[in-house]
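The values are calculated or read from the model by the stated rules, or taken from the named source; none is laboratory data. Note that the structure is predicted; figures quoted are calculated from it, not measured. So basically every Cβ, Gly included, is an ideal-geometry build from the backbone, and we count neighbours across all protein chains shown. Ligands, DNA and RNA are stripped out before the accessible areas are found, and what is left, the full protein with its side chains, is counted by its heavy atoms. Shrake-Rupley method; radii C 1.70, N 1.55, O 1.52, S 1.80 Å.
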Amino acid sequence: MKLVFATNNLNKLKEVQQMLPNTIELLSLKDINCFDEIDETENTLEGNAKLKANYITQKYGYNCFADDTGLEVDILNGSPGVYSARYAGEPANSENNIKKLLSELNKRKERKGQFRTAICLNINNDQLLFDGICKGEILKKTQGKKGFGYDPIFRPKGYQKSFAEMNSKEKNKISHRGLAIEKLVTFLSNYNS
Ligand code: IMP
């Protein structure tokens, strides 16, 4: 079965392909000649994941899954959440987003939060949602140089280092995205079309 992962990130694609049974051929957006900008206009992670998966299934006719991730901070009522990529406005980049989040939490003791990934899968006229959560806390300053996004200021619960101090294997094992993908892969591995 051919299955589109609505992403242009080839690292994400390769990682998921390695976890899938070889009866499933994963395709990127480029593989199906989709170069459209799919705007994430919904106000929930699930909404955006659905929007992207539905766009591909409706326009190109493929079974497809899409993901969306946000960092939800308890004391900020779940912000930046679905707006994580553009939290500090334009230009949207990690450095500005981190600066803004650290200033919002300035002098706050309560720094608990979580990364959450939502995945929407469209398969043979069915639609399923999967999620993955990684709880932790927001550090007072950046630690580490690996990873991307908010990794330098996020320390997962039970660990003494930030995501940016972990290698990708270590991070994927406990990360929101890793856990959501694991649920998706388990479903697909048992799926009889
Ligand atoms: P996306 O849905 O994977 O594109 O993620 C949206 C935004 O959330 C990204 O632009 C990052 O700022 C942030 N983000 C998502 N996943 C991670 C992660 O694993 N570590 C740090 N930041 C992340």
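Return the residues of the stretch 85-143 that are in a loop (DSSP other than H, G, I, E, B) and within 26 Å of residue 57 (Cβ to Cβ); say none if nothing qualifies. Listed by number, the residues that qualify are 124, 125.
From the list 106, 96, the one residue that fits, being open to solvent by 40 Å² or more (accessible area, probe 1.4 Å) and within 12 Å of the ligand (Cβ to nearest atom), is 96.
For every residue, the table says whether it meets (1) surrounded by 15 or more Cβ atoms within 10 Å (Cβ to Cβ); (2) without any contact (Cβ under 8 Å) to a residue 40 or more places away in the chain.
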| site | (1), (2) |
| --- | --- |
| 3 | yes, no |
| 11 | no, yes |
| 23 | no, yes |
| 28 | yes, yes |
| 46 | yes, no |
| 65 | yes, no |
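Looking at the stretch 83-113 only, could you name the residues that are more than 20 Å from residue 42 (Cβ to Cβ) and of a type in the set (S, T, N, Q)? Those that are more than 20 Å from residue 42 (Cβ to Cβ) and of a type in the set (S, T, N, Q): 93, 94, 96, 103, 106. Somewhere in the stretch 131-144, is a residue over 20 Å from residue 36 (Cα atoms), open to solvent by less than 70 Å² (accessible area, probe 1.4 Å) and polar (S, T, N, Q)? Scanning the stretch 131-144 turns up at least one residue that is over 20 Å from residue 36 (Cα atoms), open to solvent by less than 70 Å² (accessible area, probe 1.4 Å) and polar (S, T, N, Q).
Taking the stretch 147-172 as the search range and keeping residues that are part of a loop (DSSP other than H, G, I, E, B) and without any contact (Cβ under 8 Å) to a residue 24 or more places away in the chain, which one is farthest from residue 91 (Cα to Cα)? My answer is 158. Evaluation of residue 40 against the conditions (1) buried (at least 16 other Cβ atoms within 10 Å of the Cβ); (2) part of a helix (DSSP H, G or I); (3) of a type in the set (D, E, K, R) shows that the sole unmet condition is (2).
Number of residues in the stretch 45-78 that are touching a helix residue (DSSP H, G or I) at 6+ places or on another chain (Cβ under 8 Å) and over 15 Å from residue 124 (Cα atoms): the value is 8.
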